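Quick notes on the structure that follows.
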Amino acid sequence: MSMPTQGSGLDSGYHPDAGAPHTASEVKGSSLGDLMRQVTTDLSTLMRQEVELAKAEIRQEGKKAGKAAGLFGGAGFGGYMVALFVSIAIWQFLDNVMDSGLAALIVAVIWAAVAAVLYSKAKKNAQHVRGLQQTNDSVQRIPDALKPHPEGVTR
(Lines give C-alpha, C1' and ligand atoms only; values in the text may rest on other atoms or scores of the structure.)
Protein backbone atom coordinates (compact mmCIF):
# COMPACT_ATOMS: atom_id res chain seq x y z
CA MET A 1 0.00 0.00 0.00
CA SER A 2 1.43 3.37 -0.90
CA MET A 3 1.15 6.26 1.49
CA PRO A 4 0.58 9.78 0.18
CA THR A 5 3.61 11.97 0.57
CA GLN A 6 3.70 15.55 1.65
CA GLY A 7 5.96 18.02 -0.05
CA SER A 8 6.80 21.25 1.66
CA GLY A 9 3.95 22.76 -0.34
CA LEU A 10 3.41 26.48 0.06
CA ASP A 11 6.73 27.17 1.82
CA SER A 12 8.93 26.29 -1.17
CA GLY A 13 6.88 27.85 -3.95
CA TYR A 14 5.86 24.45 -5.27
CA HIS A 15 3.53 24.53 -8.26
CA PRO A 16 2.04 21.26 -9.57
CA ASP A 17 2.03 22.45 -13.20
CA ALA A 18 5.55 23.86 -13.25
CA GLY A 19 7.22 21.08 -11.26
CA ALA A 20 9.76 23.51 -9.78
CA PRO A 21 9.74 26.49 -7.38
CA HIS A 22 8.81 29.84 -8.89
CA THR A 23 11.44 32.54 -9.30
CA ALA A 24 10.89 36.11 -8.17
CA SER A 25 10.50 37.28 -11.76
CA GLU A 26 7.78 34.67 -12.45
CA VAL A 27 5.85 35.79 -9.36
CA LYS A 28 6.25 39.50 -10.25
CA GLY A 29 4.98 38.84 -13.77
CA SER A 30 1.88 36.96 -12.56
CA SER A 31 -1.48 38.55 -11.98
CA LEU A 32 -3.18 38.40 -8.63
CA GLY A 33 -5.77 36.05 -10.14
CA ASP A 34 -3.05 33.63 -11.29
CA LEU A 35 -1.40 33.70 -7.87
CA MET A 36 -4.72 33.06 -6.14
CA ARG A 37 -5.43 30.18 -8.54
CA GLN A 38 -2.03 28.67 -7.73
CA VAL A 39 -2.60 29.02 -3.98
CA THR A 40 -6.07 27.51 -4.32
CA THR A 41 -4.67 24.60 -6.36
CA ASP A 42 -1.92 24.02 -3.79
CA LEU A 43 -4.42 24.11 -0.93
CA SER A 44 -6.70 21.71 -2.75
CA THR A 45 -3.79 19.33 -3.32
CA LEU A 46 -2.78 19.59 0.32
CA MET A 47 -6.29 18.83 1.54
CA ARG A 48 -6.62 15.84 -0.83
CA GLN A 49 -3.30 14.49 0.44
CA GLU A 50 -4.45 14.88 4.04
CA VAL A 51 -7.69 13.02 3.31
CA GLU A 52 -5.79 10.23 1.54
CA LEU A 53 -3.35 9.95 4.46
CA ALA A 54 -6.25 9.69 6.91
CA LYS A 55 -7.97 7.03 4.76
CA ALA A 56 -4.78 4.96 4.48
CA GLU A 57 -4.12 5.20 8.21
CA ILE A 58 -7.70 4.25 9.07
CA ARG A 59 -7.55 1.23 6.73
CA GLN A 60 -4.25 0.09 8.23
CA GLU A 61 -5.41 0.48 11.84
CA GLY A 62 -8.83 -0.99 11.01
CA LYS A 63 -7.31 -4.19 9.64
CA LYS A 64 -5.23 -4.66 12.78
CA ALA A 65 -8.20 -3.91 15.03
CA GLY A 66 -10.48 -6.26 13.08
CA LYS A 67 -8.06 -9.17 13.35
CA ALA A 68 -7.54 -8.55 17.07
CA ALA A 69 -11.30 -8.29 17.62
CA GLY A 70 -11.90 -11.62 15.89
CA LEU A 71 -9.26 -13.34 17.99
CA PHE A 72 -10.60 -11.76 21.17
CA GLY A 73 -14.08 -12.89 20.20
CA GLY A 74 -12.96 -16.50 19.81
CA ALA A 75 -11.03 -16.39 23.06
CA GLY A 76 -14.00 -14.81 24.79
CA PHE A 77 -16.35 -17.55 23.63
CA GLY A 78 -13.92 -20.23 24.80
CA GLY A 79 -13.54 -18.47 28.14
CA TYR A 80 -17.30 -18.16 28.44
CA MET A 81 -17.73 -21.91 27.98
CA VAL A 82 -15.07 -22.65 30.61
CA ALA A 83 -16.62 -20.16 33.02
CA LEU A 84 -20.08 -21.62 32.46
CA PHE A 85 -19.06 -25.19 33.22
CA VAL A 86 -16.83 -24.22 36.15
CA SER A 87 -19.71 -22.18 37.57
CA ILE A 88 -22.08 -25.13 37.26
CA ALA A 89 -19.51 -27.39 38.94
CA ILE A 90 -19.02 -24.94 41.83
CA TRP A 91 -22.78 -24.54 42.17
CA GLN A 92 -23.21 -28.33 42.32
CA PHE A 93 -20.38 -28.64 44.85
CA LEU A 94 -21.87 -25.95 47.11
CA ASP A 95 -25.33 -27.50 46.66
CA ASN A 96 -24.03 -30.55 48.55
CA VAL A 97 -23.38 -28.48 51.71
CA MET A 98 -26.07 -25.76 51.55
CA ASP A 99 -29.34 -24.73 49.94
CA SER A 100 -29.30 -24.62 46.11
CA GLY A 101 -30.49 -20.98 45.96
CA LEU A 102 -27.74 -19.80 48.30
CA ALA A 103 -25.13 -21.72 46.30
CA ALA A 104 -26.32 -20.01 43.07
CA LEU A 105 -26.18 -16.61 44.79
CA ILE A 106 -22.58 -17.19 45.92
CA VAL A 107 -21.54 -18.09 42.36
CA ALA A 108 -23.33 -14.97 41.02
CA VAL A 109 -21.53 -12.71 43.53
CA ILE A 110 -18.16 -14.19 42.49
CA TRP A 111 -18.99 -13.42 38.85
CA ALA A 112 -20.05 -9.87 39.75
CA ALA A 113 -16.62 -9.30 41.33
CA VAL A 114 -14.87 -10.72 38.26
CA ALA A 115 -16.95 -8.47 35.98
CA ALA A 116 -16.09 -5.38 38.07
CA VAL A 117 -12.35 -6.11 37.85
CA LEU A 118 -12.53 -6.70 34.09
CA TYR A 119 -14.52 -3.50 33.57
CA SER A 120 -11.95 -1.48 35.49
CA LYS A 121 -9.08 -2.92 33.42
CA ALA A 122 -10.98 -2.35 30.16
CA LYS A 123 -11.60 1.28 31.08
CA LYS A 124 -7.86 1.83 31.73
CA ASN A 125 -6.92 0.18 28.43
CA ALA A 126 -9.47 2.23 26.47
CA GLN A 127 -7.67 5.39 27.57
CA HIS A 128 -4.54 4.24 25.71
CA VAL A 129 -6.13 4.03 22.24
CA ARG A 130 -3.78 6.04 20.04
CA GLY A 131 -6.00 7.35 17.23
CA LEU A 132 -4.70 8.80 13.94
CA GLN A 133 -1.25 10.03 14.97
CA GLN A 134 0.29 10.48 11.51
CA THR A 135 -2.69 12.43 10.23
CA ASN A 136 -2.79 14.57 13.35
CA ASP A 137 0.95 15.34 13.10
CA SER A 138 0.62 16.18 9.43
CA VAL A 139 -2.34 18.52 9.97
CA GLN A 140 -0.41 20.30 12.72
CA ARG A 141 2.25 21.23 10.13
CA ILE A 142 -0.19 23.23 8.00
CA PRO A 143 1.02 26.80 8.20
CA ASP A 144 -0.69 29.12 10.65
CA ALA A 145 -1.52 31.44 7.76
CA LEU A 146 -4.09 28.94 6.56
CA LYS A 147 -5.84 28.69 9.91
CA PRO A 148 -8.62 31.19 10.66
CA HIS A 149 -7.88 33.90 13.20
CA PRO A 150 -11.27 35.64 13.67
CA GLU A 151 -10.04 37.83 16.53
CA GLY A 152 -7.51 39.55 14.22
CA VAL A 153 -9.96 40.27 11.40
CA THR A 154 -10.85 43.94 10.97
CA ARG A 155 -13.05 45.64 8.38
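Restricting attention to segment 79-113 and to residues that are polar (S, T, N, Q) and surrounded by 11 or more Cβ atoms within 10 Å (Cβ to Cβ), the residue that is modelled with the lowest pLDDT turns out to be Ser100.
Based on this model, can you work out whether Leu71 counts as more than 25 Å from His128 (Cβ to Cβ), in a helix (DSSP H, G or I), free of Cβ contacts under 8 Å to residues at least 24 places away in the same chain and not basic (Lys, Arg)? Spelling it out, it is not the case that Leu71 is more than 25 Å from His128 (Cβ to Cβ), in a helix (DSSP H, G or I), free of Cβ contacts under 8 Å to residues at least 24 places away in the same chain and not basic (Lys, Arg). Contact annotation: residue pairs with Cβ atoms under 9 Å, 6 or more positions apart or on different chains, pairing a residue in segment 92-111 that is touching a residue at least 12 places away in the same chain (Cβ under 8 Å) with a partner that is part of a loop (DSSP other than H, G, I, E, B), are Ala103/Asn96; Ala103/Val97; Ile106/Met98. Within segment 1-51, being of a type in the set (Gly, Ala, Ser) and at pLDDT below 75 holds for Ser2, Gly7, Ser8, Gly9, Ser12, Gly13, Ala18, Gly19, Ala20. Screening Lys55, Lys123 for residues that are free of Cβ contacts under 8 Å to residues at least 24 places away in the same chain, more than 24 Å from Gln140 (Cα to Cα), in a helix (DSSP H, G or I) and under 19 Å from the mean Cα position of the chain (by Cα) leaves exactly one candidate, Lys123.
The values are calculated or read from the model by the stated rules, or taken from the named source; none is laboratory data. Small disclaimer: the values here were computed from a predicted structure and weren't measured. We place every Cβ from the backbone using ideal geometry, glycine too, and count neighbours over all the protein chains shown.
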